[in-house]
1. Could we say that E150 is open to solvent by 10 Å² or more (accessible area, probe 1.4 Å) and in contact with a Leu (Cβ under 6 Å, 6 or more places away or on another chain) here?
2. So, in the range 128-152, exactly how many residues are over 24 Å from H73 (Cα atoms), among the charged types (D, E, K, R) and free of Cβ contacts under 8 Å to residues at least 40 places away in the same chain?
3. Determine whether S40 is more than 13 Å from the chain's Cα centre (by Cα), surrounded by fewer than 20 Cβ atoms within 10 Å (Cβ to Cβ) and over 21 Å from I147 (Cβ atoms).
4. Which of the residues belonging to the range 48-69 are open to solvent by 20 Å² or more (accessible area, probe 1.4 Å) and farther than 18 Å from K11 by Cα?
5. Would you point out the residue of the range 133-146, among those that are at pLDDT 95 or above and among the hydrophobic types (A, V, I, L, M, F, W, C), that is surrounded by the most Cβ atoms within 10 Å (Cβ to Cβ)?
6. Failed condition for G53, given (1) in contact with a Cys (Cβ under 7 Å, 6 or more places away or on another chain); (2) farther than 24 Å from H180 by Cα; (3) in contact (Cβ under 8 Å) with a residue 60 or more places away in the chain, with all others met?
7. Name the residue that is surrounded by the fewest Cβ atoms within 10 Å (Cβ to Cβ), counting only residues in the range 73-90 that are part of a loop (DSSP other than H, G, I, E, B) and not polar (S, T, N, Q).
Amino acid sequence: IESGNVKLNQKVIIMPDRLTCEVVGIFGEDENSAENEKTSAVCGDNVRLRLRGVDDEAISQGYVLTDIKNPCHTTRAFDAQLRILDVKNIITAGYNSVLHVHTAVAEVTMTKLLHKLNKEGLKSRAPPPFVKQRDACIVRIVTNKAICVERFADYPQLGRFTLRDEGKTIAIGKILRLAHPNAGAGSAAASAAHAN
């Protein structure tokens with residue numbers, strides 16, 4: 001459980017597909033033994049949940065089990081602050097890589113380089129034509145599918161990510177702004193890590 005709590009018979013929603021279900025079992029470390037069944041779990045607990053109203057096949061890696069009254073955001077585009085770590089050449093708008101955020105994995109494109117940041121963290125006035133290793137910048141990232149994310153300032157666990165390319169981590173980042181929150185909700189995207 002990343003944050004909050006979960007109780008038996010609680011109605012929950014699985015994002016990004018907005019699947020409504022009910023928690024009918026909460027189990028501790030040993031999967032289904034009766035002595036490890038709990039009535040609730042809180043942040044930090046490692047539990048397995050039995051859900052009613054959803055098939056196992058409907059849940060994939062990167063999905064998030066969330067409160068029905070305040071579901072997490074899903075989006076296909078966001079603005080992020082990046083620190084470029086290890087890249088052979090320069091990075092320009094149109095650069096493709098693989099995003100890893102919580103348990104979700106998605107192919108992404110940096111569609112715009114919005115600002116370069118100096119050592120004090122101040123933004124450039126004009127968009128940079130490129131960024132290179134050890135640069136800090138603000139970029140627009142577009143994903144190939146809807147993913148569950150939040151702004152880093154609101155919820156760090158769902159707001160920090162890494163970008164990988166050719167087997168290496170090329171950048172770390174944090175989400176500053178969601179473009180079109182909940183865009184693409186209901187599409188078949190990535191899976192239920194937080195439900196485990």
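1. Working: open to solvent by 10 Å² or more (accessible area, probe 1.4 Å): yes; in contact with a Leu (Cβ under 6 Å, 6 or more places away or on another chain): yes.
Spelling it out, E150 is indeed open to solvent by 10 Å² or more (accessible area, probe 1.4 Å) and in contact with a Leu (Cβ under 6 Å, 6 or more places away or on another chain).
2. Taking the range 128-152 first, the residues over 24 Å from H73 (Cα atoms) are 128-136.
Pick out the ones that are also among the charged types (D, E, K, R) and you get 132, 134-135.
Among the residues that remain, those that are also free of Cβ contacts under 8 Å to residues at least 40 places away in the same chain are: none.
Here the count works out to 0.
3. Numbers: more than 13 Å from the chain's Cα centre (by Cα): yes; surrounded by fewer than 20 Cβ atoms within 10 Å (Cβ to Cβ): yes; over 21 Å from I147 (Cβ atoms): yes.
Against the criterion (more than 13 Å from the chain's Cα centre (by Cα), surrounded by fewer than 20 Cβ atoms within 10 Å (Cβ to Cβ) and over 21 Å from I147 (Cβ atoms)), S40 qualifies.
4. Matches in the range 48-69: E57, S60, Q61.
5. Among residues in the range 133-146 that are at pLDDT 95 or above and among the hydrophobic types (A, V, I, L, M, F, W, C), the one surrounded by the most Cβ atoms within 10 Å (Cβ to Cβ) is V139.
6. For G53, the failing item is (3).
7. Within the range 73-90, the first condition is being part of a loop (DSSP other than H, G, I, E, B), and the residues that meet it are 73, 85-90.
Among the residues that remain, those that are also not polar (S, T, N, Q) are: 73, 85-88, 90.
Numbers: H73: 25, L85: 14, D86: 12, V87: 20, K88: 10, I90: 14.
It comes out as K88.
Residues checked against (1) in contact (Cβ under 8 Å) with a residue 60 or more places away in the chain; (2) in contact with an Asp or Glu (Cβ under 9 Å, 6 or more places away or on another chain):
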site	(1), (2)
P71	no, no
T75	yes, no
L85	yes, no
N89	no, no
A93	no, no
L99	yes, yes
A126	no, no
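The values are calculated or read from the model by the stated rules, or taken from the named source; none is laboratory data. What you are looking at is a predicted structure, and each value in this text was computed from that prediction instead of being measured. Methodologically, a virtual Cβ is constructed for each residue, glycine included, from the backbone with ideal geometry; neighbour enumeration extends over all protein chains shown. SASA here: full protein model, heavy atoms, side chains in, ligands and nucleic acids out. Shrake-Rupley method; radii C 1.70, N 1.55, O 1.52, S 1.80 Å.
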